[in-house]
Every structure is written in C-alpha cells, then in structure tokens.
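Colleague: Sharing a structure, written as structure tokens. Questions coming.
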Amino acid sequence: MDSAFAHTVLDHSPDALLLLAPDGSIAFLNRAAERLFGYPRAQLLGADYSLLLAETSREGLHATVSRVLAGTHDGGASGGAAPLFAGEGRRADAAEFPVEITVAALPGGGQAAVALSARAAAPRATGTQNASRAAQGHSASGRPAGLDSQLVPGTTGILPRLTPVEHDDQLKAAVLRDTLTGLPNGTLFNERLAAALRRKDSVDVVIINVDDFRTYNDMLGRSAADELLVEVASRLRNCIRPHDTVARLGGDEFVVLLTDCHSISAVAKRISDSLYTPARIGGSTVRPAVSMGMASRTAQNHDGAELLRQADSALSAAKAAGKNTWLEFRPEMLATPTHQSGGETGLRQAVELGQISVHYQPVVSPASVPWSSSRRSPAGSGTASWCRRTSSCRWPSRAD
C-alpha cells in the first residue's frame, strides 16, 4: 500500500488516532482527534500527549504507555488484546469528558513508538450493584435499561441519568476546580501539597504572577483578560510533567507543585520562555511576562503553609527586583517592608487586647518650671540634667 494512501486512510478514520514519539510527544494525529479534543493539528504536533488528559488521568495513562514501551504488555503487537485505558479527557476549552484510549506499541521503532486510539465514552456507572443490574437489563433505579436516561438539551443523543453518587462526585470535582481555566483551585492544590509532603520525595512550590495584568485588563477588556488567563493556564500545563500540579489561586496568580524535581530553576526558565512567546489575545498580540517565587522543602520546613509563605516572599522580591524574573527563597526575604508591616498589626492587636499598657511621661523644659529657691537638685548635677535622667520631675506643689 502506498504510504500517501495509508496516510489518507488514517487521516479520514472515524476514530481519533494519535502516534506518539518515544519521548511522549505527539508525532501524528488525524482529523477525528482534532474534532474530539478541539485543538488544531499545528498546536498538538510536538506537544506532550498529557495535554489531552485531565490531571487526574495523566498518571494512569502514563503508566499504561510506559508498560507498553517496556514490553510488560504486548500492546496488541502479538495478537493479544491491547490495553484499554478509561479516564477523563480534556478539550481545548478546558471541558473534561469520559474517554477510552486503546494503547498499542508500534513495531520497528522509528519516529513513532506508540499508537493511541481514543473515543468519547458514556458516563461510567459506579458500584457492583449497578453492574449487576445492568447485566440483568435494568438500570440503577431498578427500571428497565433505557428508561433511566435523559435527553440533553442542545444534543441529538440520549445520555444516562447520573446516579446520586456520580452527581455528588461531579459536584465535588466542580468545587475543586477553577471555573475559568479548569485548573485545580487552592483547596485542591493544598490537598495535593499535603499529600506530597507526606512522601519522602523532594517538594518544590512555584508561585507565578502575571506582570502588569491590570494593564491588560484595562487595555483589552475583561473578556480578553480572561482569555489571556486561559492561555497562561494552557501553557503552564505544557511546562510541567504529568504527575506535577498547576493550580490557579485567584486573579492572575498561579502556583505549581513539583515533586522529585532535579532543577527547579530549569522549570522556571521553561515557564518564562513559554509564556513570553507572543499570543493573539482579543485581536491584539501580547507577550505576557511573569514573576515567580520558588521555595523548596528542607529538613526544617515540612509545613505546606510555610512553604507557600516562603514562595510568596520570593515572589515579592522578584517583583521588587524589576519583574519578569524568578527568585528562590532566602531567609532574609522575610525582612522586607511587606512582612515587617505585620509587626505593626500585631502591636495594635496587643494594645486592643490589653496585653500592652501605654504610659505618658511628659518632657518638661526646666526653664519653664517655677522652681522654689529652697528646692535643690541632687548634689553634683544641674537641675536640667537631673530632670532628664529621672522620672521624678514633677510640678512643685504649694508646699514646695
């Protein structure tokens, strides 16, 4: 078969097909893959395949691909069944959807090593009881299969009605995700940070702030500014490994959690270079720069809140140094005016709680005091110096 004809057949296949290079980058995808994931081909070629997966599914598919490459699973090469991975895919608009991916090794090596065949899947049922009912032709509610479904507005198909457990899972997932970018929010990030700190691997935190974001908001408008944040989120995902986490803390502030990272500075440089690439936002070409603060777990620091505080201090120092740069935390960064201002707040609270009492002691010029000629200062000292050195200065009474 002619290679050009074979390429045409693959490109027009109804199934989404992707070929991966040995390093995990996408070497080929067909039109069905473009439609399924919503990305243009030019954007996906050369990108890491984890871009097409929700963060919760990246590690699972990565393990499956690794097993196929290592030869611990035949991947269908010897006629056996290729491994089927079921997880959550991720479209270009950050929408997540159930997906099933068949993984197969390609013989002969070359530029492509693994083939992926992906298709959207129906929402999966949960629990052995639901599986048993489905086997008997009944739905989770006990009625015949097909009656426990609903027509989704705007579509031509009928999707199964979610069970209460599935509905609760979706609600929980929505609460833990940023509505604009689809990234984990601060709550989910803190959970993952706490889990990472319980392991023995190295843990690094990078807080990222878009420089002059308010200017973009004023110049381009709120809608374009949101589009910029979505673009920043997408690029950040491409800069980290599948098992790392990038989250949005709020506004234009993002945070990255790195585990077992050999060079945090190399990651920061990759992020800076990726984000500084021009982007078309709201009809204008922008080149977003970022400031970053980095902190790493040490033998003395095992607390997630303290790690974030240190990274935030490094971020403040990076902004003070002129922006568009990154700095690693150093203890002296906590002595900046931003952190010293907390001392004033603490003193005010102490006064309000009665923990500090304030006494007023006037300083009086001796020349203005109508001293009696009979009153003398201690021997060897003048009246003025004696009054300044003691707290015994007082206005003379009539008896004096």
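The values are calculated or read from the model by the stated rules, or taken from the named source; none is laboratory data. On a predicted model such as this, the values are computed, not experimentally measured, just so you know. Here the Cβ positions follow ideal geometry from the backbone for every residue, glycine too, while neighbour counts run over all protein chains shown. The protein model used for the area step is the full one, side chains on, heavy atoms only, and it has no ligands, DNA or RNA in it. Shrake-Rupley method; radii C 1.70, N 1.55, O 1.52, S 1.80 Å.
Colleague: Rounded, prolate or oblate: which one fits region 170-232, using the alpha carbon gyration tensor with axes a ≥ b ≥ c (rounded when a/c is under 1.5, else prolate when a/b beats b/c, else oblate)?
Modeller: Verdict is oblate for region 170-232.
Colleague: Next up: Mind listing the long-range amide H neighbours of Leu183? Cut-off is under 5 Å, sequence gap 5 or more, other chains count too, H placed in the peptide plane at 1.01 Å from N.
Modeller: Answer set, sorted by chain and number: Asp178.
Colleague: Note down the nm distance, to one decimal, between modelled labels 7 Å out along Cα→Cβ at Gln43 and at Asp260.
Modeller: 3.1
Colleague: Okay, next question. Once the Cα atoms of region 184-313 are picked out, what are the Rg and Dmax in Å?
Modeller: 15.0, 49
Colleague: Heavy atoms only, 1.4 Å probe, whole protein assembly: order Leu52, Leu84 by accessible area, highest first.
Modeller: Leu84, Leu52
Colleague: Also, I was wondering about something else. Taking a cut-off of 15 Å, what percent of all Cα-Cα pairs in region 232-284 are separated by more than that?
Modeller: Here the long-distance tail beyond 15 Å is 50 percent of all Cα pairs in region 232-284.
Colleague: Still on this structure, please answer the following. Points 7 angstrom from Cα along the Cβ direction at Tyr360 and Leu84: gap in nanometres?
Modeller: Placing both labels 7 Å along Cα→Cβ, they lie 8.4 nm apart.
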